[in-house]
1. Name the single residue that is farthest from the chain's Cα centre (by Cα) among those in the stretch 1-40 being part of a strand (DSSP E or B) and of a type outside the set (Val, Ile, Thr).
2. Which residues, taken from the stretch 1-44, are surrounded by fewer than 23 Cβ atoms within 10 Å (Cβ to Cβ), of a type in the set (Gly, Ala, Ser) and closer than 13 Å to Ala76 by Cβ?
3. Return yes or no: is Arg71 among the basic types (Lys, Arg), modelled with pLDDT of 95 or more and more than 25 Å from Val180 (Cβ to Cβ)?
4. Looking at Ala76, Ala80, which is the one that is touching a Ser or Thr at 6+ places or on another chain (Cβ under 9 Å), closer than 18 Å to Gln27 by Cα and of a type in the set (A, V, I, L, M)?
5. Check Thr113, Thr12, Thr46, Thr109 and return the single one that is in contact with a helix residue (DSSP H, G or I) (Cβ under 7 Å, 6 or more places away or on another chain) and among the polar types (S, T, N, Q).
6. State the number of residues belonging to the stretch 135-178 that are touching a Phe, Trp or Tyr at 6+ places or on another chain (Cβ under 6 Å) and among the aromatic types (Phe, Trp, Tyr).
7. Being of a type in the set (S, T, N, Q), farther than 12 Å from Val10 by Cα and at pLDDT 95 or above, is that true of even one residue in the stretch 143-154?
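The values are calculated or read from the model by the stated rules, or taken from the named source; none is laboratory data. Just so it is clear, the model here is predicted, and its values are computed rather than measured. Reconstructed Cβ throughout: ideal geometry from the backbone, glycine too, with neighbour counts over all protein chains shown.
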Amino acid sequence: MTAGSERFVVITGGPGSGKSTLIDQLQGMGFARSVEAGRGVIQDQTAIGGSALPWADRARFAELMLGWEMRSFRMAAEEAGPVFFDRGIPDIVGYLRLEGLPVPDHVHTAARTFRYHRRVLIAPPWPEIYEQDSERKQSFAEAERTYEAMVAAYTAYGYELTHLPLAPVAERARFVTTFVKR
């Protein structure tokens, strides 16, 4: 699963830190991207009355996110050039640990098998832009704990973290495009 994965760039961090907005901007600049698994699963489960939701069945929610992320990885292999991921498989490990749930062996195997660029971009907590919505129900304190869980998860799988600047989206996008040219 590592062939070409150096062009798969993960942007992670806590909720409400500007990741998806940045990835939308990068897509507008012509870059390929994935769609965040958590938000997609929440939208799908809500639409069908499912229970695999972070406020109902966290373990099932994590399993659906895992399937989504593995599919996103395979789809990215069909793209040319860099692909930006709105979170990655190690995020699921961080989520499970944050929620006090066991991390199944197959999730660890997935995190070791589906590899991304060795340097992961991480968005630090940013209280000035943090907002809750119908899918993002966490408090800002929970967003900070999520950020710490992502730092721990990605570091545990051998990734180097590069912090995104707390800057307007256009400036962040310039920072990221410089990053991918290295």
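1. Quick first cut of the stretch 1-40, residues part of a strand (DSSP E or B) only: 8-13, 32-33.
Then keep just the ones that are of a type outside the set (Val, Ile, Thr); that gives 8, 13, 32-33.
Details: Phe8: 12, Gly13: 7, Ala32: 15, Arg33: 11 Å.
Checked the stretch 1-40; the qualifying residue farthest from the chain's Cα centre (by Cα) is Ala32.
2. Ala3, Gly4, Ser5, Ala32
3. On the way: among the basic types (Lys, Arg): yes; modelled with pLDDT of 95 or more: yes; more than 25 Å from Val180 (Cβ to Cβ): no.
For Arg71, the condition - among the basic types (Lys, Arg), modelled with pLDDT of 95 or more and more than 25 Å from Val180 (Cβ to Cβ) - is not met.
4. Values: Ala80 fails: touching a Ser or Thr at 6+ places or on another chain (Cβ under 9 Å).
Just a single option satisfies the conditions, and that option is Ala76.
5. Working: Thr113 fails: in contact with a helix residue (DSSP H, G or I) (Cβ under 7 Å, 6 or more places away or on another chain); Thr46 fails: in contact with a helix residue (DSSP H, G or I) (Cβ under 7 Å, 6 or more places away or on another chain); Thr109 fails: in contact with a helix residue (DSSP H, G or I) (Cβ under 7 Å, 6 or more places away or on another chain).
The conditions single out Thr12.
6. Number of matching residues: 1.
7. To start, the set of residues in the stretch 143-154 that are of a type in the set (S, T, N, Q) comprises 146.
Next cut, farther than 12 Å from Val10 by Cα only: 146.
Okay, now just the ones that are also at pLDDT 95 or above, so none.
Checked the stretch 143-154: no residue is of a type in the set (S, T, N, Q), farther than 12 Å from Val10 by Cα and at pLDDT 95 or above.
Condition check ((1) assigned to a loop (DSSP other than H, G, I, E, B); (2) surrounded by 15 or more Cβ atoms within 10 Å (Cβ to Cβ)) across all residues:
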site: Thr46; (1), (2): no, no
site: Trp55; (1), (2): yes, no
site: Ala62; (1), (2): no, yes
site: Trp68; (1), (2): no, yes
site: Phe73; (1), (2): no, yes
site: Glu79; (1), (2): yes, yes
site: Tyr95; (1), (2): no, yes
site: Gly100; (1), (2): yes, no
